[in-house]
């Protein structure tokens, strides 16, 4: 059911993309937007991991310096029944981690220096298991495509706003709603894209927490790691890269109250509660 829901949400992103193309450029704009959507999905599939890793200046883990981390990733991969992913280090004291790649055979896990320093063995294992759960659940590709499409929708919406200022694009017969429709679409479309992207991320995170706890059979260790991440005073600054926020295990964009509706991640308190509840469930033989 979750897989179907995510598929519907991704189709929704593509349809919003095409709708903006229709308003911006009429029938021709819709066709161009559809073509761009196909190209972007193809590009995201093959090169997204390299782009994201370079974006955060991630470097391959060193066998000597990062031997502890590599050992944990190796053990967790065996427990998860997955191939050993490539392991990268992000040079920052802010604790965080993410997984990327198009499939299990081409997956990569990136962790920050700060995460390795902050976590004990079981907590670090829990974080790695969470990221491997994303790989196991085939979330890494879905998340990247969603981020790429959401970012592109924002660009098209900006074009639509400029089009409204100069009288719109496309022929008179093609434009539906004129300048008013153009303005409404340019405002509503990025909001809809953001809601869809957040919904994808929230459903993914709960499932990755649960599967991560099952991989190590230590859900409380992951719960403890999430609490440490939440209370950390040092956060990665991704204000200029908001479309990648949902890739991280803990996002600095998360907020409480009303703004939490648009957070890339569920509330940490709820994630921790579910993990501790999972730890108290009887193990079926």
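Per the listing 50, 57, 68, the residue uniquely at pLDDT 95 or above and more than 22 Å from residue 208 (Cβ to Cβ) is 68. When residue 48 is evaluated against the numbered criteria (1) within 27 Å of residue 219 (Cβ to Cβ); (2) within 21 Å of the chain's Cα centre (by Cα), which criterion, by number, is the only one it fails? Among (1) within 27 Å of residue 219 (Cβ to Cβ); (2) within 21 Å of the chain's Cα centre (by Cα), residue 48 violates only (1). Within the range 99-136, the set of residues being buried (at least 19 other Cβ atoms within 10 Å of the Cβ) and not in a helix (DSSP H, G or I) comprises 99, 100, 101, 107, 108, 109, 110, 111, 112, 119.
Scanning the range 246-273 for residues that are closer than 21 Å to residue 138 by Cβ and at pLDDT 80 or above, we see that the one that is surrounded by the fewest Cβ atoms within 10 Å (Cβ to Cβ) is 266.
Apart from one condition, residue 46 fits all of (1) touching a helix residue (DSSP H, G or I) at 6+ places or on another chain (Cβ under 8 Å); (2) in contact (Cβ under 8 Å) with a residue 40 or more places away in the chain; (3) within 30 Å of residue 114 (Cα to Cα); the exception is (1). Within the range 63-76, the residues that satisfy the criterion of being loosely packed, with under 14 Cβ neighbours inside 10 Å and touching a helix residue (DSSP H, G or I) at 6+ places or on another chain (Cβ under 9 Å) are 63, 68. Among all positions in the range 77-87, there is at least one residue which is without any contact (Cβ under 8 Å) to a residue 40 or more places away in the chain and either in a strand (DSSP E or B) or touching a strand residue (DSSP E or B) at 6+ places or on another chain (Cβ under 6 Å) (or both).
The values are calculated or read from the model by the stated rules, or taken from the named source; none is laboratory data. Everything numeric here is computed off the predicted structure, so don't read it as measured data. Heads up, the Cβs are rebuilt from the backbone with ideal geometry, glycines too, and the neighbour counts pull from every protein chain shown.
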